Structure formats: structure tokens, C-alpha cells
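Here, each number is a calculation from the coordinates, and none is a lab measurement. Keep in mind that this is a model prediction, so the values were computed, not measured. Every residue, glycine as well, gets a Cβ built from its backbone with ideal geometry; the counts of neighbours run over all protein chains shown.
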Amino acid sequence: MNAAAWAVLLTVLLVGWVVLDGAVQGAGATLLQERDPDGKDRRREPAERRVVLAAVGPLLLPGEVWLVAALGVLVGVFPHAEADLLTAGYPVAVTLIGSWALRDAGIWLRSRRPGRVWRDVWDVVLVVASIMLAGSWGALLGVAWGSGLVALALGIVAVVVTRLHGHAVVAWRLRRTGALPVAVTSVMVASPVVGTAIAAWPRLVDGAVSGATMAALGIVAIVVLPLVLVLQAVAWWLVSRPLGRRDTLFF
């Protein structure tokens, strides 16, 4: 695999993550409230929140596998790009990692103890962390453009489109809508990644590691990528099933 092929693979892996995890981010950001058909916001009941999280829960771990694989490609093949992102966007990267950890903690811990207060506290953490995760991801893409204004704009865009994506996936899982809204919002959350990859392409490819290193990493990719694809297939199979009562027990 040459540098261009690795750059395409990196883009595909990041798109895979943002489509899967973007649904979790959006569902988390809107966990406490939803908009009625008449346009009024209302607070979700605890049982409804569990259903929302159960609807997107199967996407969480497979999505993170895509992200870990993407980070492996970034660090292994394009270390200069990783260094540039951390240098120019260190606060954004720290915010992303911190909000990612808090978001996951909120999902895993909210139902581990009985009590309304415990769950309500973690629900607030989950909402705030989900918004921060989406915003910091968009801002980090903007850092790759080398512009503070683009970082701000993409941060706002990421928050908005992940909310739409999460709503579409939850509605699809609950059989309220078909798959078309999910396809549309998937394109929406993936577009900033593709656009950033195109904008950063020359710098990304020109700074790749040597051919020998890429060849060695290619052997690893041959082993890892089939696993990633299997997890992707399992994730979409799980969310394509009707949501049952047993699915909500964990959340």
C-alpha cells in the first residue's frame, strides 16, 4: 500500500467511526429532551431515556474499534500529521479525549446503582459530554484546515448534524421511520471528514513514513481490517432488529 491508499483507508476509518459514534453522540446530546410533533420540547421520562440509549448502544463499541484503527493508521503512517494536530489543537484534543471518557462513563455507569439522583447526575454528564465530544471533534477537523474560524464552524456543524443523526437512528430503530433519514444524516456527519481529507491531502501524503514501514504496517492491516468489517456488520445487524424489552435492561 502506498501513501495515497493509506490516506484513503484513514478517511474510511474515520467516516466509519463518525457514522457509528455520531449516532451515539446525537442520542446522548438529546437524552433529556425531545421535540413533540407539534414542535414543543418535552422532558423524557427515565424509561424513555433507557430506550434511547438501548437504540444506539450496539453502535458504541464497534464505532470505537474504527476510531482505534484510525488512530493506529494516523500514528503509524502519518506521524507528522498527528504531531501537527496535537501541537496546533492540543486543548481541543484534550477536550475530545476527556469528553469521550465522560460520555462512555455516563453510558456504562448510569444504571449501575439504584436511585434517581445517581442516574440523573450521570444523565446530565452524558448530555454535556456528548455535546462536547461532537463539538471538539468538529473543531479538531477545523484545526487540520489551519483556521480558527473553520474550527469554530465545524464544531458547531458537528453538534447540529450529530443531533440529527442520533434522532434519525433512534427513530429508525423504534420503527418510526425508514432507513432513508439515517442514510441522509450519515452523509451529513461524514461530509466534514471527507472534505477535511481532501483539503489536507497533499500535506498528509507527502509526510508519510517510508515505503518499508508502510509495507510492514500493511501486514497488520490485512489482519485487523477483516475484524473491523465483521464488527461493523454485527453492529448494523443488531440495530436492524426490532428493539425489545430485554435490550433496555443494561441501560
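Some values worked out for this structure:
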item: Within a Gaussian network of the chain (alpha carbon springs, distance under 10 Å), most fluctuating of Trp66, Trp122, Trp108; result: Trp108
item: Mean Kyte hydropathy of -1.0 or more with a Cα span along the axis of at least 15 Å, helices from DSSP in the chain; result: 3-29, 46-56, 60-77, 90-109, 116-145, 148-173, 180-206, 211-240
item: Added length on full extension, which subtracts the Cα-Cα distance from 0.36 nm per residue, Arg203 to Ala4; result: 70.5 nm
item: Residue with peak Gaussian network fluctuation, the chain [Cα springs, cutoff 10 Å], from Ser111, Ser99, Ser136; result: Ser111
item: Cubic angstrom per residue, convex hull over Cα atoms of the chain; result: 124
item: Gaussian network model of the chain, Cα within-10 Å springs - most flexible of Thr213, Thr11, Thr177; result: Thr213
item: Net charge over other residues, Cβ less than 12 angstrom from the Cβ of Thr162 (K, R count +1; D, E count -1); result: +1
item: Label point distance in nm, Val117-Glu45, each placed 7 Å from Cα along Cα→Cβ; result: 2.4
